[in-house]
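The values are calculated or read from the model by the stated rules, or taken from the named source; none is laboratory data. Just so we're clear, the structure is a prediction, and the values are computed from it rather than from any experiment. Positions of Cβ are generated from backbone atoms using ideal geometry, with glycine treated the same way; all protein chains shown enter the neighbour counts. When the accessible area is computed, the model is the full protein with side chains, heavy atoms only, and any ligands, DNA or RNA have been set aside. Shrake-Rupley method; radii C 1.70, N 1.55, O 1.52, S 1.80 Å.
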Amino acid sequence: MSKKISPVEAVQNEIKLACEKLGLDNSYYELLKEPERVLVVQVPVRMDDGTIRTFTGYRAQHCTIMGPAKGGFRFHPDVTLDEVKGLAMWMTFKCAVVGIPYGGGKGGVCCNPAELSKTELERLTRSYLRAISPIIGPEKDIPAPDVNTNAQIMAWFMDEFSKIKGYNVPGVVTGKPISLGGSYGRVQATGYGVTVAVKKVCEVMKMDISKTNIAIQGFGNVGSYTALYCSKNGAKIVAVGEWDKDIGTYALYNEQGLDIEKLFDYKAKNGTILNFPEAKRISLDEFWALDDVDILIPAALENAIDENNAPNIKAKIIVEAANGPITPGADKILAEKGITVFPDILCNAGGVTASYFEWVQNLMNFYWTVEEVNSKLENILIKAFDDVYGMHKEANVSLRQAAYLVAIKRLADNMKLRGWV
Ligand code: GLU
(Lines give C-alpha, C1' and ligand atoms only; values in the text may rest on other atoms or scores of the structure.)
Protein backbone atom coordinates (compact mmCIF):
# COMPACT_ATOMS: atom_id res chain seq x y z
CA MET A 1 0.00 0.00 0.00
CA SER A 2 1.30 3.44 -0.89
CA LYS A 3 1.15 6.22 1.71
CA LYS A 4 -2.08 8.18 1.41
CA ILE A 5 -1.04 11.75 0.65
CA SER A 6 -3.01 14.56 2.26
CA PRO A 7 -4.68 16.90 -0.25
CA VAL A 8 -3.30 19.91 1.65
CA GLU A 9 0.27 18.62 1.38
CA ALA A 10 -0.21 17.86 -2.32
CA VAL A 11 -1.39 21.36 -3.12
CA GLN A 12 1.23 22.98 -0.85
CA ASN A 13 3.93 21.23 -2.89
CA GLU A 14 2.47 22.69 -6.08
CA ILE A 15 2.31 26.20 -4.58
CA LYS A 16 5.91 25.98 -3.39
CA LEU A 17 7.16 24.87 -6.81
CA ALA A 18 5.21 27.59 -8.60
CA CYS A 19 6.43 30.33 -6.24
CA GLU A 20 10.03 29.23 -6.80
CA LYS A 21 9.61 29.12 -10.55
CA LEU A 22 7.99 32.57 -10.59
CA GLY A 23 10.76 33.98 -8.39
CA LEU A 24 8.28 34.96 -5.67
CA ASP A 25 9.66 35.31 -2.16
CA ASN A 26 8.36 33.20 0.70
CA SER A 27 5.71 35.79 1.71
CA TYR A 28 3.49 34.65 -1.15
CA TYR A 29 3.77 31.02 -0.08
CA GLU A 30 2.95 32.06 3.48
CA LEU A 31 -0.25 33.71 2.30
CA LEU A 32 -1.30 30.77 0.13
CA LYS A 33 -0.28 27.73 2.15
CA GLU A 34 -3.44 27.46 4.30
CA PRO A 35 -7.08 28.54 3.98
CA GLU A 36 -7.94 31.97 5.39
CA ARG A 37 -10.78 30.53 7.41
CA VAL A 38 -12.05 27.10 8.38
CA LEU A 39 -15.29 26.40 10.21
CA VAL A 40 -16.04 23.06 11.84
CA VAL A 41 -19.66 22.60 12.87
CA GLN A 42 -21.92 20.12 14.57
CA VAL A 43 -24.91 19.30 12.35
CA PRO A 44 -27.81 17.93 14.42
CA VAL A 45 -30.53 16.10 12.49
CA ARG A 46 -33.84 14.67 13.67
CA MET A 47 -34.01 11.24 12.07
CA ASP A 48 -37.26 9.72 10.82
CA ASP A 49 -37.50 7.55 13.95
CA GLY A 50 -37.58 10.67 16.14
CA THR A 51 -34.03 10.40 17.51
CA ILE A 52 -31.35 13.06 17.06
CA ARG A 53 -28.06 12.28 15.32
CA THR A 54 -25.19 14.71 14.95
CA PHE A 55 -22.86 14.85 11.97
CA THR A 56 -19.64 16.84 11.56
CA GLY A 57 -19.64 19.52 8.88
CA TYR A 58 -16.98 21.83 7.48
CA ARG A 59 -16.55 24.92 5.35
CA ALA A 60 -13.14 26.22 4.30
CA GLN A 61 -12.30 29.51 2.57
CA HIS A 62 -8.92 29.96 0.93
CA CYS A 63 -7.45 33.19 -0.42
CA THR A 64 -10.28 35.57 -1.26
CA ILE A 65 -8.12 38.23 -2.94
CA MET A 66 -10.01 37.86 -6.24
CA GLY A 67 -13.52 37.84 -4.74
CA PRO A 68 -15.84 35.82 -2.51
CA ALA A 69 -15.03 32.17 -1.80
CA LYS A 70 -16.61 29.74 -4.24
CA GLY A 71 -16.88 25.98 -4.32
CA GLY A 72 -19.14 23.05 -3.71
CA PHE A 73 -20.04 21.01 -0.67
CA ARG A 74 -20.19 17.24 -0.54
CA PHE A 75 -21.96 14.61 1.51
CA HIS A 76 -19.66 11.62 1.83
CA PRO A 77 -18.42 9.25 4.57
CA ASP A 78 -14.77 10.12 3.78
CA VAL A 79 -15.14 13.89 4.24
CA THR A 80 -12.43 15.22 6.57
CA LEU A 81 -11.15 18.65 7.54
CA ASP A 82 -7.95 18.08 5.59
CA GLU A 83 -9.83 17.05 2.45
CA VAL A 84 -12.11 20.10 2.60
CA LYS A 85 -9.13 22.41 3.13
CA GLY A 86 -7.22 20.93 0.18
CA LEU A 87 -10.26 21.10 -2.07
CA ALA A 88 -10.86 24.75 -1.10
CA MET A 89 -7.25 25.53 -2.04
CA TRP A 90 -7.70 23.87 -5.43
CA MET A 91 -10.76 26.06 -6.04
CA THR A 92 -8.70 29.26 -5.65
CA PHE A 93 -6.32 28.14 -8.36
CA LYS A 94 -9.10 26.78 -10.57
CA CYS A 95 -10.92 30.13 -10.48
CA ALA A 96 -7.67 32.00 -11.15
CA VAL A 97 -6.79 29.78 -14.14
CA VAL A 98 -10.10 30.64 -15.83
CA GLY A 99 -9.95 34.23 -14.57
CA ILE A 100 -13.26 34.42 -12.70
CA PRO A 101 -13.47 36.75 -9.67
CA TYR A 102 -13.55 34.26 -6.82
CA GLY A 103 -11.48 32.77 -4.07
CA GLY A 104 -11.55 29.09 -3.13
CA GLY A 105 -14.21 27.51 -0.97
CA LYS A 106 -15.28 23.96 -0.17
CA GLY A 107 -17.49 22.30 2.37
CA GLY A 108 -18.82 18.96 3.34
CA VAL A 109 -20.63 16.83 5.87
CA CYS A 110 -19.24 13.48 6.93
CA CYS A 111 -22.24 11.20 6.36
CA ASN A 112 -23.45 8.42 4.11
CA PRO A 113 -26.31 9.90 2.08
CA ALA A 114 -27.24 6.43 0.76
CA GLU A 115 -28.41 5.57 4.29
CA LEU A 116 -30.57 8.69 4.68
CA SER A 117 -34.19 9.08 3.61
CA LYS A 118 -35.17 12.10 1.49
CA THR A 119 -36.64 13.89 4.50
CA GLU A 120 -33.50 13.21 6.56
CA LEU A 121 -31.38 14.54 3.70
CA GLU A 122 -33.47 17.70 3.61
CA ARG A 123 -33.13 18.23 7.37
CA LEU A 124 -29.38 17.56 7.15
CA THR A 125 -29.01 20.16 4.39
CA ARG A 126 -31.01 22.78 6.28
CA SER A 127 -29.14 22.08 9.51
CA TYR A 128 -25.76 22.35 7.76
CA LEU A 129 -26.83 25.66 6.19
CA ARG A 130 -27.87 27.08 9.57
CA ALA A 131 -24.54 26.03 11.06
CA ILE A 132 -22.38 27.70 8.38
CA SER A 133 -24.72 30.63 7.61
CA PRO A 134 -22.63 33.25 9.48
CA ILE A 135 -19.80 32.91 6.97
CA ILE A 136 -21.69 32.48 3.68
CA GLY A 137 -23.68 34.82 1.42
CA PRO A 138 -23.54 36.21 -2.14
CA GLU A 139 -20.71 38.60 -1.24
CA LYS A 140 -18.83 36.25 1.10
CA ASP A 141 -18.94 32.63 0.01
CA ILE A 142 -21.18 30.90 -2.52
CA PRO A 143 -21.48 27.10 -2.21
CA ALA A 144 -22.54 24.77 -5.06
CA PRO A 145 -23.01 21.06 -5.82
CA ASP A 146 -20.14 18.60 -5.42
CA VAL A 147 -20.00 14.86 -4.68
CA ASN A 148 -23.51 13.55 -3.76
CA THR A 149 -25.13 17.01 -3.72
CA ASN A 150 -27.51 18.19 -6.45
CA ALA A 151 -30.02 20.86 -7.54
CA GLN A 152 -32.67 19.73 -5.02
CA ILE A 153 -30.17 20.08 -2.19
CA MET A 154 -29.22 23.56 -3.47
CA ALA A 155 -32.94 24.48 -3.46
CA TRP A 156 -33.28 23.53 0.24
CA PHE A 157 -30.05 25.35 0.99
CA MET A 158 -31.22 28.56 -0.73
CA ASP A 159 -34.64 28.30 0.92
CA GLU A 160 -33.20 27.99 4.42
CA PHE A 161 -30.81 30.93 3.92
CA SER A 162 -33.66 33.04 2.50
CA LYS A 163 -35.79 32.24 5.56
CA ILE A 164 -33.02 33.44 7.87
CA LYS A 165 -32.69 36.68 5.89
CA GLY A 166 -36.42 37.22 5.42
CA TYR A 167 -36.21 37.64 1.64
CA ASN A 168 -35.14 35.54 -1.35
CA VAL A 169 -31.38 35.26 -1.79
CA PRO A 170 -30.83 33.14 -4.91
CA GLY A 171 -27.19 34.29 -5.19
CA VAL A 172 -26.18 32.46 -1.98
CA VAL A 173 -25.72 29.18 -3.82
CA THR A 174 -25.33 27.99 -7.42
CA GLY A 175 -26.45 24.81 -9.14
CA LYS A 176 -30.08 25.52 -8.24
CA PRO A 177 -33.06 24.26 -10.26
CA ILE A 178 -33.76 26.59 -13.22
CA SER A 179 -37.10 27.78 -11.81
CA LEU A 180 -35.39 29.00 -8.61
CA GLY A 181 -32.76 31.06 -10.40
CA GLY A 182 -30.52 28.27 -11.63
CA SER A 183 -28.71 28.72 -14.92
CA TYR A 184 -29.33 26.84 -18.12
CA GLY A 185 -26.34 24.63 -18.79
CA ARG A 186 -25.09 24.47 -15.17
CA VAL A 187 -25.92 20.79 -14.59
CA GLN A 188 -24.05 19.74 -17.73
CA ALA A 189 -21.30 22.38 -17.46
CA THR A 190 -18.46 20.39 -15.91
CA GLY A 191 -18.77 17.55 -18.45
CA TYR A 192 -19.30 20.09 -21.23
CA GLY A 193 -16.11 21.86 -20.15
CA VAL A 194 -14.13 18.62 -19.92
CA THR A 195 -15.21 17.97 -23.52
CA VAL A 196 -13.99 21.42 -24.58
CA ALA A 197 -10.66 20.46 -22.98
CA VAL A 198 -10.65 17.07 -24.78
CA LYS A 199 -11.20 18.83 -28.12
CA LYS A 200 -8.30 21.19 -27.37
CA VAL A 201 -6.16 18.22 -26.30
CA CYS A 202 -6.87 16.54 -29.65
CA GLU A 203 -5.91 19.78 -31.41
CA VAL A 204 -2.55 20.23 -29.67
CA MET A 205 -1.71 16.50 -29.72
CA LYS A 206 -2.68 16.33 -33.40
CA MET A 207 -5.32 13.65 -32.90
CA ASP A 208 -8.63 13.23 -34.66
CA ILE A 209 -11.38 13.09 -32.01
CA SER A 210 -13.47 10.82 -34.20
CA LYS A 211 -10.66 8.25 -34.10
CA THR A 212 -10.13 8.58 -30.35
CA ASN A 213 -10.99 5.92 -27.78
CA ILE A 214 -11.85 7.22 -24.33
CA ALA A 215 -12.30 5.50 -20.95
CA ILE A 216 -14.03 7.36 -18.12
CA GLN A 217 -13.87 6.46 -14.44
CA GLY A 218 -17.16 7.56 -12.85
CA PHE A 219 -20.65 7.94 -14.30
CA GLY A 220 -21.96 10.57 -11.90
CA ASN A 221 -22.72 14.11 -13.03
CA VAL A 222 -19.25 14.88 -14.38
CA GLY A 223 -18.45 11.49 -15.92
CA SER A 224 -21.84 11.00 -17.55
CA TYR A 225 -21.95 14.39 -19.30
CA THR A 226 -18.30 14.07 -20.30
CA ALA A 227 -19.17 10.73 -21.91
CA LEU A 228 -22.22 12.20 -23.62
CA TYR A 229 -20.53 15.28 -25.11
CA CYS A 230 -17.33 13.45 -26.06
CA SER A 231 -19.38 10.81 -27.88
CA LYS A 232 -21.47 13.53 -29.58
CA ASN A 233 -18.16 14.93 -30.84
CA GLY A 234 -17.32 11.59 -32.41
CA ALA A 235 -15.12 9.95 -29.77
CA LYS A 236 -15.67 6.29 -28.90
CA ILE A 237 -16.30 5.72 -25.18
CA VAL A 238 -15.00 2.17 -24.81
CA ALA A 239 -15.19 1.89 -21.02
CA VAL A 240 -16.86 3.44 -18.00
CA GLY A 241 -15.73 2.66 -14.45
CA GLU A 242 -18.29 2.73 -11.65
CA TRP A 243 -18.98 1.81 -8.05
CA ASP A 244 -21.84 -0.26 -6.67
CA LYS A 245 -22.90 -0.50 -3.04
CA ASP A 246 -23.02 -4.32 -3.15
CA ILE A 247 -20.11 -5.32 -5.38
CA GLY A 248 -17.82 -2.27 -5.04
CA THR A 249 -15.86 -1.05 -8.06
CA TYR A 250 -16.36 -2.43 -11.57
CA ALA A 251 -16.29 -1.19 -15.17
CA LEU A 252 -18.30 -1.64 -18.34
CA TYR A 253 -16.33 -2.31 -21.50
CA ASN A 254 -17.38 -2.43 -25.13
CA GLU A 255 -14.61 -2.29 -27.72
CA GLN A 256 -17.12 -1.02 -30.33
CA GLY A 257 -17.97 1.90 -28.05
CA LEU A 258 -20.76 2.17 -25.46
CA ASP A 259 -24.03 3.78 -26.57
CA ILE A 260 -24.00 6.66 -24.07
CA GLU A 261 -27.59 7.79 -24.65
CA LYS A 262 -28.77 4.25 -23.93
CA LEU A 263 -26.55 4.20 -20.83
CA PHE A 264 -28.19 7.43 -19.61
CA ASP A 265 -31.66 5.93 -20.14
CA TYR A 266 -30.61 2.72 -18.41
CA LYS A 267 -29.33 4.64 -15.38
CA ALA A 268 -32.47 6.80 -15.25
CA LYS A 269 -34.65 3.65 -15.24
CA ASN A 270 -32.56 1.44 -12.94
CA GLY A 271 -30.62 3.91 -10.79
CA THR A 272 -27.42 2.06 -11.71
CA ILE A 273 -25.55 0.92 -14.84
CA LEU A 274 -24.41 -2.35 -13.25
CA ASN A 275 -26.32 -4.73 -15.51
CA PHE A 276 -26.27 -2.66 -18.70
CA PRO A 277 -26.61 -5.40 -21.31
CA GLU A 278 -24.54 -4.02 -24.20
CA ALA A 279 -21.18 -4.27 -22.44
CA LYS A 280 -18.85 -6.70 -20.77
CA ARG A 281 -18.29 -6.23 -17.03
CA ILE A 282 -14.59 -6.01 -16.11
CA SER A 283 -12.75 -5.14 -12.90
CA LEU A 284 -11.47 -1.65 -12.18
CA ASP A 285 -7.90 -3.00 -12.31
CA GLU A 286 -8.57 -4.24 -15.84
CA PHE A 287 -10.14 -0.86 -16.65
CA TRP A 288 -6.98 1.08 -15.74
CA ALA A 289 -4.85 -1.28 -17.81
CA LEU A 290 -6.95 -1.27 -21.02
CA ASP A 291 -4.68 -1.08 -24.04
CA ASP A 292 -7.14 0.30 -26.60
CA VAL A 293 -7.62 3.63 -24.80
CA ASP A 294 -6.14 6.92 -26.07
CA ILE A 295 -7.51 9.26 -23.42
CA LEU A 296 -8.24 8.19 -19.86
CA ILE A 297 -10.55 10.47 -17.85
CA PRO A 298 -10.78 9.96 -14.07
CA ALA A 299 -14.09 11.61 -13.12
CA ALA A 300 -14.74 10.33 -9.61
CA LEU A 301 -12.88 11.06 -6.37
CA GLU A 302 -9.37 12.11 -5.30
CA ASN A 303 -6.42 9.69 -5.39
CA ALA A 304 -8.04 7.30 -7.90
CA ILE A 305 -4.73 6.85 -9.73
CA ASP A 306 -2.00 5.96 -7.26
CA GLU A 307 1.36 4.22 -7.20
CA ASN A 308 -0.38 0.84 -7.46
CA ASN A 309 -2.34 1.31 -10.67
CA ALA A 310 -0.28 4.05 -12.40
CA PRO A 311 2.37 1.58 -13.66
CA ASN A 312 -0.35 -0.39 -15.50
CA ILE A 313 -1.89 2.51 -17.41
CA LYS A 314 -1.47 2.21 -21.19
CA ALA A 315 -3.32 5.34 -22.33
CA LYS A 316 -0.98 8.08 -23.55
CA ILE A 317 -3.10 10.98 -22.28
CA ILE A 318 -5.00 11.63 -19.06
CA VAL A 319 -7.55 14.42 -18.74
CA GLU A 320 -8.43 15.03 -15.08
CA ALA A 321 -12.16 15.61 -14.65
CA ALA A 322 -12.26 14.88 -10.90
CA ASN A 323 -10.46 17.07 -8.37
CA GLY A 324 -7.05 15.63 -7.47
CA PRO A 325 -7.53 12.17 -9.03
CA ILE A 326 -3.77 11.48 -9.33
CA THR A 327 -1.53 11.20 -6.27
CA PRO A 328 1.83 13.02 -6.46
CA GLY A 329 3.62 9.64 -6.47
CA ALA A 330 1.52 8.45 -9.41
CA ASP A 331 2.11 11.76 -11.21
CA LYS A 332 5.84 11.00 -11.19
CA ILE A 333 5.33 7.47 -12.51
CA LEU A 334 3.08 8.75 -15.31
CA ALA A 335 5.63 11.40 -16.30
CA GLU A 336 8.37 8.75 -16.45
CA LYS A 337 6.13 6.64 -18.67
CA GLY A 338 5.67 9.60 -21.04
CA ILE A 339 1.95 9.96 -20.30
CA THR A 340 0.71 13.53 -20.70
CA VAL A 341 -1.61 14.73 -17.93
CA PHE A 342 -3.97 17.67 -18.47
CA PRO A 343 -4.74 18.95 -14.97
CA ASP A 344 -8.01 19.22 -13.03
CA ILE A 345 -7.84 22.94 -12.27
CA LEU A 346 -7.96 23.57 -16.02
CA CYS A 347 -10.06 20.68 -17.35
CA ASN A 348 -12.90 20.63 -14.82
CA ALA A 349 -13.29 24.40 -14.45
CA GLY A 350 -16.45 24.41 -16.60
CA GLY A 351 -18.63 23.75 -13.55
CA VAL A 352 -17.49 26.69 -11.49
CA THR A 353 -17.45 28.93 -14.57
CA ALA A 354 -21.12 28.17 -15.24
CA SER A 355 -21.72 28.74 -11.51
CA TYR A 356 -20.18 32.17 -11.95
CA PHE A 357 -22.67 32.83 -14.76
CA GLU A 358 -25.53 31.69 -12.52
CA TRP A 359 -24.42 34.06 -9.74
CA VAL A 360 -24.07 36.97 -12.20
CA GLN A 361 -27.60 36.28 -13.51
CA ASN A 362 -28.93 36.16 -9.93
CA LEU A 363 -27.30 39.49 -9.08
CA MET A 364 -28.71 41.08 -12.28
CA ASN A 365 -32.07 39.31 -12.16
CA PHE A 366 -31.69 38.87 -15.90
CA TYR A 367 -31.40 35.41 -17.39
CA TRP A 368 -29.53 33.98 -20.37
CA THR A 369 -30.30 31.26 -22.89
CA VAL A 370 -28.37 27.99 -22.90
CA GLU A 371 -26.67 29.10 -26.12
CA GLU A 372 -25.38 32.26 -24.41
CA VAL A 373 -24.15 30.25 -21.42
CA ASN A 374 -22.38 27.63 -23.55
CA SER A 375 -20.72 30.09 -25.89
CA LYS A 376 -19.43 32.24 -23.00
CA LEU A 377 -18.27 29.05 -21.27
CA GLU A 378 -16.44 27.82 -24.31
CA ASN A 379 -14.65 31.17 -24.82
CA ILE A 380 -13.41 31.24 -21.23
CA LEU A 381 -12.24 27.62 -21.26
CA ILE A 382 -10.45 27.91 -24.61
CA LYS A 383 -8.61 31.00 -23.42
CA ALA A 384 -7.60 29.25 -20.18
CA PHE A 385 -6.40 26.22 -22.12
CA ASP A 386 -4.32 28.42 -24.43
CA ASP A 387 -2.86 30.32 -21.45
CA VAL A 388 -1.84 27.10 -19.70
CA TYR A 389 -0.56 25.42 -22.84
CA GLY A 390 1.43 28.57 -23.72
CA MET A 391 2.98 28.62 -20.24
CA HIS A 392 3.79 24.90 -20.52
CA LYS A 393 5.78 25.57 -23.70
CA GLU A 394 7.32 28.84 -22.50
CA ALA A 395 8.44 27.70 -19.05
CA ASN A 396 9.12 24.11 -20.13
CA VAL A 397 7.22 22.64 -17.19
CA SER A 398 4.46 20.02 -16.90
CA LEU A 399 0.93 21.12 -17.75
CA ARG A 400 0.00 20.87 -14.07
CA GLN A 401 2.83 23.17 -13.06
CA ALA A 402 1.94 25.49 -15.94
CA ALA A 403 -1.63 25.79 -14.65
CA TYR A 404 -0.33 26.70 -11.17
CA LEU A 405 2.10 29.22 -12.68
CA VAL A 406 -0.73 30.94 -14.57
CA ALA A 407 -2.98 30.98 -11.48
CA ILE A 408 -0.37 31.99 -8.90
CA LYS A 409 1.03 34.74 -11.11
CA ARG A 410 -2.47 36.29 -11.27
CA LEU A 411 -2.96 36.01 -7.51
CA ALA A 412 0.53 37.32 -6.76
CA ASP A 413 0.06 40.35 -9.05
CA ASN A 414 -3.06 41.31 -7.10
CA MET A 415 -1.36 40.69 -3.75
CA LYS A 416 1.33 43.12 -4.79
CA LEU A 417 -1.17 45.73 -6.07
CA ARG A 418 -3.25 45.54 -2.89
CA GLY A 419 -0.20 45.75 -0.67
CA TRP A 420 -0.61 42.34 0.94
CA VAL A 421 3.03 41.63 0.24
N1 GLU B 1 -17.85 21.37 -7.07
C2 GLU B 1 -17.43 21.92 -8.33
C3 GLU B 1 -15.92 22.00 -8.41
O4 GLU B 1 -15.22 21.32 -7.70
C5 GLU B 1 -18.15 23.21 -8.68
C6 GLU B 1 -17.98 24.34 -7.75
C7 GLU B 1 -18.88 25.51 -8.03
O8 GLU B 1 -19.65 25.45 -8.98
O9 GLU B 1 -18.81 26.48 -7.28
O10 GLU B 1 -15.38 22.69 -9.24
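Per-structure values
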read-out	value
Members of region 287-313 found to be open to solvent by 50 Å² or more (accessible area, probe 1.4 Å), closer than 23 Å to Leu228 by Cα, at pLDDT 95 or above and out of contact with any strand residue (DSSP E or B) (no Cβ under 6 Å at 6 or more places or on another chain), listed by number	Asp291
Subset of region 135-153 (residues that are within 19 Å of Gly104 (Cβ to Cβ) and not in a strand (DSSP E or B))	Ile135, Ile136, Pro138, Glu139, Lys140, Pro143, Ala144, Asp146, Val147, Thr149
Qualifying residue in region 86-95 (condition: under 26 Å from Pro343 (Cα atoms) and in contact with a Pro (Cβ under 6 Å, 6 or more places away or on another chain))	yes
Inter-residue pairs, beta-carbon under 6 Å, first of a type outside the set (Val, Ile, Thr) and in region 340-353, second assigned to a strand (DSSP E or B) and more than 9 Å from the ligand (Cβ to nearest atom), 6+ apart	Phe342/Val319; Cys347/Val319
Selection within region 161-174 - crowded, with 20+ Cβ neighbours inside 10 Å and either more than 28 Å from the chain's Cα centre (by Cα) or under 10 Å from Leu129 (Cβ atoms) (or both)	Phe161, Val172, Val173
Residue match in region 361-370 (condition: closer than 18 Å to Thr190 by Cα and touching a Ser or Thr at 6+ places or on another chain (Cβ under 6 Å))	no
Identity of the residue in region 190-221, in contact (Cβ under 8 Å) with a residue 40 or more places away in the chain and open to solvent by 40 Å² or more (accessible area, probe 1.4 Å), that ends up nearest to the ligand (Cβ to nearest atom)	Asn221
Leading residue by the ranking (nearest to the ligand (Cβ to nearest atom)) among those in region 26-58 that are buried (at least 23 other Cβ atoms within 10 Å of the Cβ) and over 22 Å from Ala114 (Cα atoms)	Pro35
Failed item in (1) under 24 Å from the mean Cα position of the chain (by Cα); (2) buried (at least 18 other Cβ atoms within 10 Å of the Cβ); (3) among the hydroxyl-bearing types (Ser, Thr, Tyr), with Thr249 passing the rest	(2)
Top-ranked residue of region 60-110 - restricted to ones that are in contact with a Ser or Thr (Cβ under 8 Å, 6 or more places away or on another chain) and basic (Lys, Arg), ranked as nearest to Ile5 (Cα to Cα)	Arg74
Filtered residues of region 228-241 (kept if of a type outside the set (Val, Ile, Thr), under 19 Å from Thr272 (Cα atoms) and crowded, with 23+ Cβ neighbours inside 10 Å)	Ala239, Gly241
Residue satisfying condition, being in contact (Cβ under 8 Å) with a residue 60 or more places away in the chain and closer than 20 Å to Pro145 by Cβ, within set Arg46, Arg123, Arg37	Arg123
Out of Ile178, Ile164, Ile153, sole residue that is out of contact with any Ser or Thr (no Cβ under 9 Å at 6 or more places or on another chain) and either within 12 Å of the ligand (Cβ to nearest atom) or aliphatic (A, V, I, L, M) (or both)	Ile178
Subset of region 90-104 that is surrounded by 24 or more Cβ atoms within 10 Å (Cβ to Cβ) and not in a helix (DSSP H, G or I) - its residue that is nearest to the ligand (Cβ to nearest atom)	Tyr102
Those residues of region 45-77 which are in contact with a Gly (Cβ under 9 Å, 6 or more places away or on another chain) and in a loop (DSSP other than H, G, I, E, B), in sequence order	Cys63, Thr64, Ile65, Met66, Gly67, Pro68, Gly71, Gly72
Strands (runs of 3 or more DSSP E) contained in region 271-386 and holding at least 1 residues under 25 Å from Asn254 (Cα atoms) and in contact with a helix residue (DSSP H, G or I) (Cβ under 7 Å, 6 or more places away or on another chain)	295-298, 317-319, 340-342
Residue satisfying condition, being within 15 Å of Val352 (Cα to Cα), open to solvent by 10 Å² or more (accessible area, probe 1.4 Å) and of a type in the set (Gly, Ala, Ser), within set Gly72, Gly107, Gly67	Gly67
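Conditions tested, residue by residue: (1) within 9 Å of the ligand (Cβ to nearest atom); (2) buried (at least 24 other Cβ atoms within 10 Å of the Cβ); (3) at pLDDT 95 or above.
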{"position": "Asp344", "(1), (2), (3)": "yes, yes, yes"}
{"position": "Val360", "(1), (2), (3)": "no, no, yes"}
{"position": "Val370", "(1), (2), (3)": "no, no, yes"}
{"position": "Lys376", "(1), (2), (3)": "no, no, yes"}
{"position": "Leu381", "(1), (2), (3)": "no, yes, yes"}
{"position": "Asp386", "(1), (2), (3)": "no, no, yes"}
